[in-house]
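The values are calculated or read from the model by the stated rules, or taken from the named source; none is laboratory data. From a predicted model like this one, the values you see are computed outputs, not experimental measurements. Please note: Cβ atoms are built from the backbone with ideal geometry, for glycine as well, and neighbour counts cover all protein chains shown. These accessible areas exclude ligands, DNA and RNA; they are computed on the full protein's heavy atoms, side chains included. Shrake-Rupley method; radii C 1.70, N 1.55, O 1.52, S 1.80 Å.
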Amino acid sequence: MFGLEKPAGQREPGRSGGFPKMASVGDFNVLSSSIPATKVELSVSCRNLLDRDTFSKSDPICVLYTQAIGNKEWREFGRTEVIDNTLNPDFVRKFIMDYFFEERENLRFDFYDVDSKSPNLSKHDFLGQMFCTLGEIVGSQGSRLEKSIVGIPGKKCGTVIVTAEELGCCRDSVLMQFCANKLDKKDFFGKSDPFLVFHRSNEDGSFTICHKTEVVKNTLNPVWQAFKISVRALCNGDYDRTIKVEVYDWDRDGSHDFIGEFTTSYRELSRGQSQFNVYEVINPKKKGKKKKYVNSGTVTLLSFLIETEVSFLDYIKGGTQINFTVAIDFTASNGNPSQPTSLHYMNPYQLNAYGMALRAVGEIIQDYDSDKMFPALGFGARLPPDGRVSHEFALNGNPQNPYCHGIDGVMEAYYRSLKCVQLYGPTNFAPVINHVARYAASVKDGSQYFVLLIITDGVISDMAQTKESIVNASKLPMSIIIVGVGPAEFDAMEELDGDVVRISSRGRFAERDIVQFVPFRDYIDRSGNHVLSMARLAKDVLAEIPEQFLSYMRVRGIKPSPAPPPYTPPIHVLQTQI
């Protein structure tokens, strides 16, 4: 009805009038300068929409909005096509979005019954809306979220089903092996020492080197080792783009002798071992000079195996659960909670430093935790009634069941604890790390992954024990996020992070990097715009989690479970009265 030709989220250059510019996330999300983790395609279906037309059914359209981080303003991202006469639309046009694990991307789906060709939505009947986050869709079973449509008081507006699918155009890698026969002899005293150089062609006709094989010494009939290369590196996902392969004779001084070359493409190579993948190696200079020149040998493809690179999303879709535990520093170095100078100051009007960090990071993680029940621990306080010091106490006061419902539940338990425990010391991290490690050690099959968030003023007392706990935990399915609050020097925390020097304990090195540290003061907005700084904090804190997660799965050889079969809408049979 609207006559849109472009996919949702795109706009023809120079187009005036008609639809407003369909903003992409990058237009206004100032913190999204890093490369997105992946692209996802959102498909939208509805069931039992309101019928706003008198003589026929509604003609629905879906409009997607995303929310800016700073001012929370909703911006239109794109629109589906209009489907005439249905209350159960399955929209064909998809929304393609950049997906960042480390960002909370708020989405709003609005539905309208289209009554004319006007792009002005106020001219059409509102059918309701649905709010969610991108993480909520991806984190749902099978990455399929079904929610009620709301927005019209007193009316049942139906349901919406949103499915996310990761775009895998260039996620493939190929494992290839080549051999050669009767290559030209280039060395005076021996045979050649051949190697291959692969180049992908660029849009302007130039070539970019993308792979070199090893050198096989002293042979005219080499068999090179199989090698793995991403399809993106080999041909940028374009299966028909020219791939040029050069054959050289290796020389110690670097002046390698050119034997010859051939061209192929991903599509040709994908046929595998066959007569199509035996290539004549041609030296253009020789060919021009010698009339009887045939070739400088042949190169044969021995094997071609496509491997799809698995991503963080594949595991989430397959049912892997992220379990989030929070541990809060209740040591006396934080200051008296009744004083405004304290990092634990109980200000009735705004969150303190601990509350801000907890909410920022927690709201991101909770989308991936199906039951939204989080163990919340404290350390470094004296507990009632006897004043014993604990480095691993439940914030809700129930050591048998330290779980809190959602981030709001954790915040509530945190504030309740502040009122009844005495801040004390020392600042020991090892007990809470070992607490989570005990759970992680019992589930090593890839079905669960544990994230411990430690919020602290950074004055650590048990550095040696903490290092040992981290080295031990690096073998387990867990990551540790440390958020440092307050003005202290955080040198010890930087050391635990291990980004520069891999952490070690008594000569043993951590199997992988599992700690991410960020100083909270670097994210405090001078203008007092806490929302913006919280978004940036969450982004930097969580950006390493997917790679840490994948490193554990790769080392253990754990593949993602297959996702549940995609949802197929029931076929609606039209019944006609006779």
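Counting only DSSP beta bridges with both residues in the chain, the antiparallel share comes to about 80 percent.
One chain, two ends: Lys217 and His405. Fully extended at 0.36 nm per residue, the span grows by 61.2 nm beyond their Cα-Cα distance.
Applying 1/(1 + (r/R0)^6) with R0 = 25 Å to the Cβ-Cβ distance of Asn336 and Glu412 gives a FRET efficiency near 0.70. With P(r) over Cα pairs in 20 Å bins from 0, in percent as the read-out, I listed (1) 12, 22, 12, 6, 6, 7, 11, 10, 7, 5, 1; (2) 19, 45, 27, 9, 1; (3) 17, 38, 32, 12, 1, 0; which label goes with the value calculated from this structure? Checked against the structure: label (3).
This model, with +1 at the C-beta of Lys and Arg and -1 at the C-beta of Asp and Glu, gives the range 363-467 a dipole about its Cα centre of some 380 debye.
Across the range 140-148, rounded Karplus estimates of 3J(HN,Hα) from the backbone phi angles (6.51 cos²θ - 1.76 cosθ + 1.60, θ = phi - 60°) give 6, 4, x, 6, 10, 10, 10, 9, 6 Hz, Gly and Pro being marked x.
Computed 3J(HN,Hα) for the range 99-105, one whole-Hz value per residue from the Karplus formula 6.51 cos²θ - 1.76 cosθ + 1.60 where θ = phi - 60°, is 10, 10, 4, 7, 10, 8, 9, glycine and proline marked x.
Inter-part distance, the range 213-276 to the range 52-93, computed on C-alpha centroids, equals 49 Å. With helices as the sole contributors, the chain gives -5500 deg cm²/dmol at 222 nm; each DSSP H run of n ≥ 4 counts as -39500 (n - 2.57), and the sum is divided by every residue.
Placing a label point 7 Å from the Cα of Ile306 along the Cα-to-Cβ line, the residues of the range 226-265 whose backbone N sits under 17 Å from it are 228-241, 265. Expressed as a whole percent, the accessible surface of the chain that belongs to carbon and sulfur atoms is 51, based on a 1.4 Å probe.
Accessible surface for the chain, divided over its residues, is 48 Å² per residue with a 1.4 Å probe. Mean separation of Cα pairs under 8 Å and 6 or more residues apart, divided by the residue count, gives the range 38-167 a relative contact order of 31 percent.
Cα centroids of the range 406-437 and the range 340-358: 15 Å apart.
Between Thr54 and Met373, the contour length at 0.36 nm per residue exceeds the Cα-Cα span by 110.1 nm.
Extension gain for the segment Arg512 to Arg232, taken as residue separation times 0.36 nm less the Cα-Cα distance, is 98.1 nm to one decimal. Take the Cβ atoms of Thr242 and Glu146, set R0 to 51 Å, and the FRET efficiency comes out at 0.65.
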